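Novice: My questions will all concern the structure given below.
The values are calculated or read from the model by the stated rules, or taken from the named source; none is laboratory data. All of these numbers come straight from a predicted model, not from anything done at the bench. A quick note on method: Cβ atoms are made from the backbone with ideal geometry, for glycine too, and the neighbour counts reach across all protein chains shown. Each accessible area value is taken on the protein alone, full model and side chains, heavy atoms only, with ligands, DNA and RNA left out. Shrake-Rupley method; radii C 1.70, N 1.55, O 1.52, S 1.80 Å.
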Amino acid sequence: MPGITKYAVSDKTGLFLIVISSILLGIWAVVDTIALRNILLVSGAVIGLLYWLKFFWGSVNQGGGKNFPLPQFAPLILIGLIFCWILFHYCFLAREPLLQLDELKSTWFRSFLAVTVGSATGLALNRKKVYAPVFWLGLFMSFIVLLYQYIPKAIAKQSMFAVDWFGSYIYWAKFSGVLAGTILISGLLGMWVDSVWPKLRAIDDFKRQGTSQKINLILVSIYAVLGINVAFFSFVFIFDSKAGVGLAVIILVMWFFIVQVYFLRKILCSRGWGNTLRSILRLAILICLAVFVVGWFTQKHIKNNPGWESLFSDIYASSQIDKYKNWQNISKFGIPYRDNGEMVMGNTYERVSWAVAGIRLLRSEPLGYGTLRSFPKQMKGIIPDFSGSPYTHSAWIDIGLAFGLPALLMIFTAIGIVLMRAILCSGSSWRASVITLSIAILILYGVGEYGFQHGIEILFYFLGFLSSLSLSLPKNLIADSGRPLYKQSE
């Protein structure tokens with residue numbers, strides 16, 4: 001982007017952090033990348049700490065320290081307390097101390113590094129909005145590689161559907177691809193809304209914008225649309241994921257509705273019917289295109305995945321774990337049948353029944369077991385013949401089973417503070433990105449099996465990232481003096 005070169009000189013360290021994070025996000029859920037991930041996490045954490053120190057030193061020298069009351073850092077403080085609670089759990093509540101120590105030295109140490117890198121990167125982006133396209137480039141390129149792998153498979157099968165969940169794709173299992181794709185869709189959509197929002201506020205003066213500003217807006221729009229469509233395409237034709245398609249539709253419809261309402265309100269309040277009619281026409285075209293694209297992807301997915309037709313009745317039957325006890329050992333008892341004689345969809349039954357059983361376990365063991373993927377161990381303490389997955393398919397439940405209600409309370413409180421801060425602060429330049437990513441993470445980790453290894457690391461990265469991205473920085477501490485990515489009309 002033209003603006004990146006213009007402002008890069010003033011914050012080279014911030015740009016370097018963003019490049020590290022971009023690469024890291026692009027490979028985090030990809031197979032056989034653990035060595036490179038560790039290198040990037042360690043180097044990024046060191047640079048991130050130095051960046052924070054430099055920022056606070058500059059804040060003190062410029063008299064900006066008074067602009068940072070302690071509540072501003074409440075989310076980061078809560079994240080720090082989560083690590084304190086995990087250490088406390090190991091010291092005083094451990095049931096398997098050797099396994100817990102091994103997780104402390106691996107997953108949780110990398111998660112701590114991830115928070116450091118994420119929070120520093122969020123601070124760098126907060127100070128320099130023009131770097132946003134660079135930040136999402138790594139994830140975008142990983143899906144381009146995925147598409148490159150998909151094309152010959154689809155040609156060989158003579159079908160647009162080339163599903164291979166545990167094959168040769170860079171995302172080995174569909175849950176990893178859904179995790180990366182949902183983050184990419186949320187990030188690009190949030191970035192696009194944050195970029196075009198000034199245009200919506202100045203709809204009547206759009207023609208007065210300079211040519212370079214219009215070109216920049218068009219380039220960012222193309223970038224966002226391509227990334228969102230590639231990820232959505234992958235959910236339908238590569239991963240065949242109900243969760244991925246559902247999450248993408250929820251996120252897109254949410255912002256589609258918000259922008260539509262805001263746009264219509266501006267049109268109705270605009271001066272002159274000529275401008276109003278032209279604006280209505282542009283809005284109608286945009287609506288038709290968005291509905292067509294989302295509808296086409298969704299229709300193709302539903303046609304290939306009959307589980308949507310009986311989804312709600314399957315959820316209802318699966319939640320009755322006292323009536324249908326097949327969940328205790330599905331390989332032995334099989335999938336149950338609904339009252340109408342039709343079999344419940346297997347993947348829905350596993351997700352819902354194990355989630356309900358996990359919630360019951362959490363109520364009986366509110367302080368947690370102490371290790372990740374503890375669900376089968378805890379269940380066997382109650383049902384000796386239990387045979388199931390190492391997780392409940394809900395990361396929030398799995399994290400709760402591992403470290404109890406205190407860990408969940410601190411995580412949800414941190415996300416809640418970040419989300420409310422973005423909703424209430426209308427002047428934030430990252431408002432849409434923070435809202436979209438926060439909601440996406442809440443839903444994604446509620447329905448996905450991400451309560452272990454890279455899923456935990458990515459979660460804590462974004463907890464730190466969003467905590468810093470939502471900070472209200474005084475203008476004298478912003479590298480480009482609060483300059484927006486796209487200049488508003490006066």
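Novice: Those residues that are out of contact with any helix residue (DSSP H, G or I) (no Cβ under 9 Å at 6 or more places or on another chain), touching a residue at least 40 places away in the same chain (Cβ under 8 Å) and not in a helix (DSSP H, G or I), I need them from segment 290-335; list them, please.
Specialist: Asn329
Novice: Which of the residues that make up segment 91-121 are of a type in the set (Ser, Thr, Tyr) and under 22 Å from Ser22 (Cβ atoms)?
Specialist: At the first step, the residues of segment 91-121 found to be of a type in the set (Ser, Thr, Tyr) are 106-107, 111, 116, 119, 121.
Scanning segment 91-121 gives Ser111, Thr116, Ser119, Thr121.
Novice: For segment 341-349, indicate whether the set of residues that are part of a loop (DSSP other than H, G, I, E, B), touching a residue at least 24 places away in the same chain (Cβ under 8 Å) and open to solvent by 40 Å² or more (accessible area, probe 1.4 Å) is non-empty. Steps first, please.
Specialist: So the first thing to find is which residues in segment 341-349 are part of a loop (DSSP other than H, G, I, E, B), and the list is 341-342, 344-345.
With touching a residue at least 24 places away in the same chain (Cβ under 8 Å) added as a condition, the list becomes 342, 344-345.
Now narrow it down to the ones that are open to solvent by 40 Å² or more (accessible area, probe 1.4 Å): 342, 345.
Yes; the residues of segment 341-349 include at least one that is part of a loop (DSSP other than H, G, I, E, B), touching a residue at least 24 places away in the same chain (Cβ under 8 Å) and open to solvent by 40 Å² or more (accessible area, probe 1.4 Å).
Novice: State yes or no: is Tyr171 part of a loop (DSSP other than H, G, I, E, B) and open to solvent by less than 10 Å² (accessible area, probe 1.4 Å)?
Specialist: Working: part of a loop (DSSP other than H, G, I, E, B): yes; open to solvent by less than 10 Å² (accessible area, probe 1.4 Å): yes.
In short, yes.
Novice: Quick check on segment 386-414: of everything there that is among the aromatic types (Phe, Trp, Tyr) and more than 13 Å from Ile82 (Cα to Cα), which residue is nearest to the chain's Cα centre (by Cα)?
Specialist: The qualifying residue nearest to the chain's Cα centre (by Cα) is Trp396.
Novice: Among what's in segment 125-161 and is modelled with pLDDT under 95 and not in a helix (DSSP H, G or I), pick the residue that is surrounded by the fewest Cβ atoms within 10 Å (Cβ to Cβ).
Specialist: Gln158
Novice: Would you please name the residue that is least open to solvent (accessible area, probe 1.4 Å), looking only at residues in segment 304-340 that are of a type in the set (S, T, N, Q) and either modelled with pLDDT of 90 or more or under 20 Å from Phe375 (Cβ atoms) (or both)?
Specialist: Start the filter on segment 304-340 by keeping residues that are of a type in the set (S, T, N, Q), which leaves 304-305, 310, 313, 318-320, 326, 328-329, 331, 340.
Now restrict to residues that are either modelled with pLDDT of 90 or more or under 20 Å from Phe375 (Cβ atoms) (or both): 313, 318-320, 326, 328-329, 331.
Numbers: Ser313: 51, Ser318: 0, Ser319: 47, Gln320: 49, Asn326: 28, Gln328: 41, Asn329: 24, Ser331: 108 Å².
Here the answer is Ser318.
Novice: Would it be correct to say that Ile250 is at pLDDT 85 or above, within 29 Å of Ala162 (Cβ to Cβ) and in contact with a strand residue (DSSP E or B) (Cβ under 9 Å, 6 or more places away or on another chain)? Working first, answer last.
Specialist: Values: at pLDDT 85 or above: yes; within 29 Å of Ala162 (Cβ to Cβ): yes; in contact with a strand residue (DSSP E or B) (Cβ under 9 Å, 6 or more places away or on another chain): no.
For Ile250, the condition - at pLDDT 85 or above, within 29 Å of Ala162 (Cβ to Cβ) and in contact with a strand residue (DSSP E or B) (Cβ under 9 Å, 6 or more places away or on another chain) - is not met.
Novice: Please find, among Trp197, Trp165, the residue that is in a helix (DSSP H, G or I) and at pLDDT below 90. Can you show your working first?
Specialist: On the way: Trp165 fails: in a helix (DSSP H, G or I).
After applying the criteria, what remains is Trp197.
Novice: Working carefully through the options Thr5, Thr13, find the one that is over 18 Å from Tyr461 (Cβ atoms), in a helix (DSSP H, G or I), in contact with a Phe, Trp or Tyr (Cβ under 8 Å, 6 or more places away or on another chain) and at pLDDT below 95.
Specialist: Just a single option satisfies the conditions, and that option is Thr13.
Novice: Out of (1) in a loop (DSSP other than H, G, I, E, B); (2) at pLDDT below 70, the odd one out for Ser428 is which?
Specialist: (2)
Novice: Take Val115 and tell me if it is buried (at least 20 other Cβ atoms within 10 Å of the Cβ) and on the phi < 0 side of the Ramachandran plot. Don't jump to the end; show me each part of the working.
Specialist: Values: buried (at least 20 other Cβ atoms within 10 Å of the Cβ): yes; on the phi < 0 side of the Ramachandran plot: yes.
Against the criterion (buried (at least 20 other Cβ atoms within 10 Å of the Cβ) and on the phi < 0 side of the Ramachandran plot), Val115 qualifies.
Novice: For Arg110, only one of the following conditions fails: (1) of a type outside the set (A, V, I, L, M); (2) modelled with pLDDT under 95; (3) in a helix (DSSP H, G or I); (4) open to solvent by 10 Å² or more (accessible area, probe 1.4 Å). What is its number?
Specialist: Of everything listed in (1) of a type outside the set (A, V, I, L, M); (2) modelled with pLDDT under 95; (3) in a helix (DSSP H, G or I); (4) open to solvent by 10 Å² or more (accessible area, probe 1.4 Å), Arg110 misses just condition (2).
Novice: Does Leu53 count as closer than 21 Å to Val19 by Cα, assigned to a helix (DSSP H, G or I) and modelled with pLDDT of 95 or more? Outline the logic, then answer.
Specialist: On the way: closer than 21 Å to Val19 by Cα: yes; assigned to a helix (DSSP H, G or I): yes; modelled with pLDDT of 95 or more: no.
No; evaluated as a whole, the condition is false for this residue.
Novice: Does Asp398 meet the test of being of a type in the set (Asp, Glu), touching a Phe, Trp or Tyr at 6+ places or on another chain (Cβ under 6 Å) and either farther than 29 Å from Thr107 by Cα or part of a helix (DSSP H, G or I) (or both)? Let's see the steps before the verdict.
Specialist: Numbers: of a type in the set (Asp, Glu): yes; touching a Phe, Trp or Tyr at 6+ places or on another chain (Cβ under 6 Å): yes; either farther than 29 Å from Thr107 by Cα or part of a helix (DSSP H, G or I) (or both): yes.
For Asp398, the condition - of a type in the set (Asp, Glu), touching a Phe, Trp or Tyr at 6+ places or on another chain (Cβ under 6 Å) and either farther than 29 Å from Thr107 by Cα or part of a helix (DSSP H, G or I) (or both) - is met.
Novice: How about segment 388-447: which of its residues are open to solvent by less than 30 Å² (accessible area, probe 1.4 Å), among the aromatic types (Phe, Trp, Tyr) and farther than 21 Å from Ala124 by Cα?
Specialist: Once the filter is applied, which keeps residues that are open to solvent by less than 30 Å² (accessible area, probe 1.4 Å), among the aromatic types (Phe, Trp, Tyr) and farther than 21 Å from Ala124 by Cα, segment 388-447 yields Trp396, Phe403, Tyr445.
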